[in-house]
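Student: Pasting in a structure now, in structure tokens, and then I'll have a few things to ask.
The values are calculated or read from the model by the stated rules, or taken from the named source; none is laboratory data. The shown structure was predicted, so the numbers you read here are calculated from the model rather than taken from an experiment. All Cβ positions, glycine included, derive from the backbone under ideal geometry; neighbour counts span all protein chains shown. Side chains are part of the model used for accessible areas, which takes the heavy atoms of the whole protein and leaves out ligands, DNA and RNA. Shrake-Rupley method; radii C 1.70, N 1.55, O 1.52, S 1.80 Å.
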Amino acid sequence: MKSIDIRKSFLAFFESKQHKIVPSAPMVVKNDPTLMFTNAGMNQFKDLFLGNTPVVNSRVADTQKCLRVSGKHNDLEEVGHDTYHHTMFEMLGNWSFGNPSGISKGYFKKEAIGYAWELFTKVYGIRQDQLYVTVFEGDKQDGLSADTESYNIWKQYLPESRILLGSKKDNFWEMGETGPCGPCSEIHIDIRTSEEREKIPGNELINKDHPEVIEIWNLVFIEFNRLANGKLMPLAAKHVDTGMGFERLAMVLQGVRSNYDTDIFAPIINEIAKLAGISYGQIKESDIAMRVMADHVRAVAFAIADGQLPSNNGAGYVIRRILRRAVRYGFTFLNFEEPVLYKILPVLVEEMGDVFPELKSQSNFISQVIREEEVAFLRTLDHGIKKFDKYIETHPDKKQIDGDFAFELFDTFGFPIDLTQLIAREKGITIDMEGFAKGLNAQKTRSRNAAEIDAGDWITVREQDNPDSYHEDFVGFQLLETITNIKKYRKVVSSKKTSYEVILGTTPFYAESGGQVGDRGTLSSGNETLQVIDTKKENNQIVHIVTSEPQFPESELLAKVDEKKRKLTTANHSATHLMHAALRKVLGGHVEQKGSLVNEDKVRFDFSHFSKMTGSEIKEVERIVNNQIRENISGDIKQDIPMADAQEMGAIALFGEKYGDKVRVVSFNPDFSVELCGGTHVVSTGNIGFFKILSESGIAAGVRRIEAVTGEKAEGHVYNQVETLNSIKDLFKNQPDTLLAVNNVIDQRHRLEKEIKNIQKKQALQTADSLINSAEVISDIKFVSSKTNLEFNQAKSLAQKIRSSGENIVTILSTQNNEKINLIISISDKLVASHGLNAGDIVKEISHYISGSGGGQPFLATAGGKDASGIEAAFDAARTLIK
RNA sequence: GGGGGAUUAGCUCAGUUGGCUAGAGCGUUUGACUGGCAGUCAAAAGGUCACCGGUUCGAUUCCGGUAUUCUCCA
């Protein structure tokens, strides 16, 4: 069975069981500080389990792209070395959400187990004697008895010898420290040959990390909530949450021994092998490298498709690290010294583009980004190798490389430590790995300490009035001030400052989201006024950051948004939408938003586009936007409409929304700009006033950035420009062609500068000549002394000139600028050699005459002081010294 | 968010106890050789040593700040 059919029949099977098939959520997580990437199928349904979002469909199934590279599940360094670890994988899952309020009723253990068995044995035709299941054995500490209910259900399907009891570690699933949890039942499969199976029975190898006796499907029965005190509380509604690794399933169904041998990976591996000119399955190291590259290119491509570009911090840094790991393996074991990963992309798109259209639609962009990253990292590697070679050259006797140096290479120049080890080994040297680890640990502690934020416990002032309220506490679309009260607050201490976070009952404050910055303002009761310096969103709550601790948290208070800031920001946000639409019109439909920042001062907008915008393109965008502003189009905002309706309206879909999200659609002229957006917007476009682009620049491969301003700011900018131009015209006596006039002046200046330089050179030569001619002769040495009115540097080069004139000559010059006196002594090279004269020594002897000090080299030395009356005496002293 | 680097000719980079008048390769221009091109040889042009301040007789070099950028950690 082909992988594409495996996926299809999974979804079709559950559709036939009245499940709603939903698309995969984006792999990149937004607005959840605890999670960077989707790492399990249930992530997008977290709010349903927690009861924060109402259930629409009780039965849901999907395939979810997951990435496991950070936090609790970090498989990155394992990938490639075995045949089953992955960074990115697909998780097939079916769900039942307790409240049977939707189109079909929910279910629990009986159906979940029945469906699983039916799918495996009837649809996929897996041999029953290969299957084992595990059931939760109970736990004394939690006061839980064994899951006999599941056990009894399984008994209907398979003999008890293949039903095993498992401990809390394997068979009790928890989302985190706290939250929904429950017992789970896993299905394992034994795909060993029959001889091997006779030697050791399969049930002895369950959960023993055997590569061919593996867990394939986990059925979780969520029925408890783990409280902060560690106690379990039964949930009112029970849920089913299942997850099955797609790649593993494909391996089983295709009868191969490795995930990488399935048709999901084989075409990619083949392509890599072709490019490397080495076939897969020949050499252990190159096989590992091919698996690494095949896995990582998938992960990176999907991440970029979901809007996460490689960068140097946060989630972007994780993506960069994955990509670099792939480059490193290719570089070391497959001799790829030129970018190559981007060449694999077409194969990937061919294989997966139909199931994940986001991959196909952006394939050009993705491959550009990957290529650029590859080039950059290969350059880093090259630099590192040079540094390393130089170190070896300057430390030829070292048998062990300092840990400090290895760490510097890694930390500052990004050169991977395992490569350093490899190169060192080739040269028969070792590395002080302890020293390296010490440096790394020091760096980690430093970072942790700096990043430490000490958040105090929430102080609850009043219980939430309505626990079922979702986003209803935000009233800021209509109101800029309202009477409200504090629900809870806490103190937050970071390395630099202390602040307080306040959650209100209802609030007019807009929390930072979708690029629009959070509101500022005040919370005032009769007794005190708290300054709100920022507003953020955390776990669906609106957090007001205030500078001082509420002294009267019980009081009713007036929450008031800084109106000026909000208005300016709002105008900028609406202008961003108009600009986005205009960019698509002018440049084409490939323009997609890659990030934005909207505050009261300006708009910063990043978008995908491949080349620098021309002047006329920028002008055209400005023209279109300003046209739309003058049309004074009313904004049309539709709250809480289903995603499908929004798409119907032609809304520009961003990186995908989570399942079940009702979206908000903002449009200015349905034929021009329709976007999904949660931000604030002007009533009609005329309020924006005026729009002006300040700059357009590139920030990454295929990503451009525009900075623009609106209203008064834009006006001010134009006035400034015009004023500057007018002043320039004035200076040029209003010549008809100002540009030409300026150009002429620049040209002229250039010519004159050259001429002056020439004249100065000539003059200096003449001065040098006349000084040489007027030199005193002291035995076989010529001696020149002269007070000059030159600049210090000019005098210095004059002294140099005389020195290199070929004569045996000692020169001493003085300069005087303001209060400052300088002496310069030069001695021709021959004299330095034959007479042992040293200008540095002389200058030290005589500098006290001008109340100063000095120094230099044997052939040229300088001194500085303040006493002009001593110059003659200094000259005399120098004269005596050379005799 | 924290740490460490980097910024020198159009490009890639050298430049240590602060001090020769700041260099190389490639590229550019010119000339010579050649019927022409490629090529070889010769020469020239091209630098506010990122910016601002400080220390010093003297700063590309040392110190502080700013900008840009790379990199590691979180």
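Student: Just a yes or no: is a residue in the stretch A:648-658 under 24 Å from A:Val517 (Cβ atoms), among the charged types (D, E, K, R), in a strand (DSSP E or B) and open to solvent by 30 Å² or more (accessible area, probe 1.4 Å)?
Tutor: no
Student: Regarding A:Gly435, is this residue more than 15 Å from RNA strand B (Cβ to nearest atom), surrounded by fewer than 18 Cβ atoms within 10 Å (Cβ to Cβ) and modelled with pLDDT of 85 or more? Please lay out each step first, then the result.
Tutor: Values: more than 15 Å from RNA strand B (Cβ to nearest atom): no; surrounded by fewer than 18 Cβ atoms within 10 Å (Cβ to Cβ): yes; modelled with pLDDT of 85 or more: yes.
Against the criterion (more than 15 Å from RNA strand B (Cβ to nearest atom), surrounded by fewer than 18 Cβ atoms within 10 Å (Cβ to Cβ) and modelled with pLDDT of 85 or more), A:Gly435 does not qualify.
Student: Could you give me the residue pairs with C-beta distances under 9 Å whose first residue belongs to the stretch A:813-825 and is free of Cβ contacts under 8 Å to residues at least 24 places away in the same chain, whose second residue is open to solvent by 100 Å² or more (accessible area, probe 1.4 Å) wherever it lies, and which are 6+ apart or on separate chains?
Tutor: none
Student: Search the stretch A:853-865 for residues that are over 13 Å from A:Val832 (Cα atoms) and polar (S, T, N, Q) and pair each with any residue that is near RNA strand B (Cβ under 6 Å from one of its atoms) and not in a loop (DSSP other than H, G, I, E, B) when their beta-carbon atoms are under 9 Å apart and the residues are at least 6 apart or on different chains.
Tutor: Correct list of pairs: A:Ser853/A:Ala863; A:Ser853/A:Gly864; A:Thr862/A:Asn822; A:Thr862/A:Gly854; A:Thr862/A:Gly855; A:Thr862/A:Gly856.
Student: Continuing with the same structure: What's the number of the only condition in (1) assigned to a helix (DSSP H, G or I); (2) more than 16 Å from RNA strand B (Cβ to nearest atom); (3) touching a residue at least 60 places away in the same chain (Cβ under 8 Å) that A:Lys238 fails to meet?
Tutor: (1)
Student: Continuing with this model, one more query. Give the residue that is farthest from RNA strand B (Cβ to nearest atom), with candidates limited to residues of the stretch A:858-870 that are surrounded by fewer than 20 Cβ atoms within 10 Å (Cβ to Cβ) and in a helix (DSSP H, G or I). So that I can check it myself, show each step before the final result.
Tutor: Residues of the stretch A:858-870 that are surrounded by fewer than 20 Cβ atoms within 10 Å (Cβ to Cβ), as a first pass: A:858, A:860, A:864, A:866-869.
The next check asks that each one be in a helix (DSSP H, G or I); those that pass are A:868-869.
Numbers: A:Ala868: 15, A:Ser869: 18 Å.
Of everything passing the filter in the stretch A:858-870, A:Ser869 is farthest from RNA strand B (Cβ to nearest atom).
Student: Could you say whether any residue in the stretch A:336-344 is part of a helix (DSSP H, G or I), surrounded by fewer than 22 Cβ atoms within 10 Å (Cβ to Cβ) and modelled with pLDDT of 90 or more? I'd like the intermediate steps shown before the answer.
Tutor: Pass one, the stretch A:336-344, residues part of a helix (DSSP H, G or I): A:341-344.
Restricting the remaining residues to those that are surrounded by fewer than 22 Cβ atoms within 10 Å (Cβ to Cβ) gives A:342-343.
Checking which are modelled with pLDDT of 90 or more leaves us with A:342-343.
Yes; the residues of the stretch A:336-344 include at least one that is part of a helix (DSSP H, G or I), surrounded by fewer than 22 Cβ atoms within 10 Å (Cβ to Cβ) and modelled with pLDDT of 90 or more.
Student: Which residue out of A:Gly679, A:Gly698, A:Gly716, A:Gly686 is under 30 Å from A:His590 (Cα atoms) and either assigned to a helix (DSSP H, G or I) or open to solvent by 60 Å² or more (accessible area, probe 1.4 Å) (or both)?
Tutor: Numbers: A:Gly679 fails: either assigned to a helix (DSSP H, G or I) or open to solvent by 60 Å² or more (accessible area, probe 1.4 Å) (or both); A:Gly698 fails: either assigned to a helix (DSSP H, G or I) or open to solvent by 60 Å² or more (accessible area, probe 1.4 Å) (or both); A:Gly716 fails: under 30 Å from A:His590 (Cα atoms).
Going through A:Gly679, A:Gly698, A:Gly716, A:Gly686 in turn, the sole match is A:Gly686.
Student: Out of everything in the stretch A:838-857 that is more than 10 Å from RNA strand B (Cβ to nearest atom) and surrounded by fewer than 22 Cβ atoms within 10 Å (Cβ to Cβ), what residue ends up being farthest from A:Lys883 (Cα to Cα)?
Tutor: The extreme case among them is A:Ser851.
Student: Then there's this: Might you check whether a residue that is in a strand (DSSP E or B) and among the charged types (D, E, K, R) occurs anywhere in the stretch A:162-173?
Tutor: Of the residues in the stretch A:162-173, the ones in a strand (DSSP E or B) are A:163-166, A:172-173.
Next, from what is left, pick out any that are among the charged types (D, E, K, R): none.
No; the residues of the stretch A:162-173 include none that is in a strand (DSSP E or B) and among the charged types (D, E, K, R).
Student: Further, regarding this structure: Filter the stretch A:660-671 for residues that are assigned to a loop (DSSP other than H, G, I, E, B) and surrounded by fewer than 19 Cβ atoms within 10 Å (Cβ to Cβ); which is modelled with the lowest pLDDT? It would help to see each step written out before you state the result.
Tutor: Restricting attention to the stretch A:660-671, the residues satisfying the condition of being assigned to a loop (DSSP other than H, G, I, E, B) are A:660-661, A:669-671.
Narrowing further to those that are surrounded by fewer than 19 Cβ atoms within 10 Å (Cβ to Cβ): A:661, A:669-671.
Details: A:Asp661: 66, A:Asn669: 92, A:Pro670: 91, A:Asp671: 91.
Per the stated criteria, the residue is A:Asp661.
Student: So which residues in the stretch A:305-339 are hydrophobic (A, V, I, L, M, F, W, C) and either more than 15 Å from A:Asn364 (Cα to Cα) or within 16 Å of RNA strand B (Cβ to nearest atom) (or both)?
Tutor: Applying the first criterion (hydrophobic (A, V, I, L, M, F, W, C)) to the stretch A:305-339 yields A:305, A:309, A:315, A:318-319, A:322-323, A:326-327, A:331, A:333-334, A:336.
Listed by number, the residues that qualify are A:Leu309, A:Ala315, A:Val318, A:Ile319, A:Ile322, A:Leu323, A:Ala326, A:Val327, A:Phe331, A:Phe333, A:Leu334, A:Phe336.
Student: Right, another one. Quick check: anything in the stretch A:686-709 over 31 Å from the mean Cα position of the chain (by Cα) and free of Cβ contacts under 8 Å to residues at least 12 places away in the same chain?
Tutor: Looking only at the stretch A:686-709, we keep the residues that are over 31 Å from the mean Cα position of the chain (by Cα), and these are A:686-690.
Subsequent filtering for residues that are free of Cβ contacts under 8 Å to residues at least 12 places away in the same chain retains none.
Within the stretch A:686-709, none of the residues are over 31 Å from the mean Cα position of the chain (by Cα) and free of Cβ contacts under 8 Å to residues at least 12 places away in the same chain.
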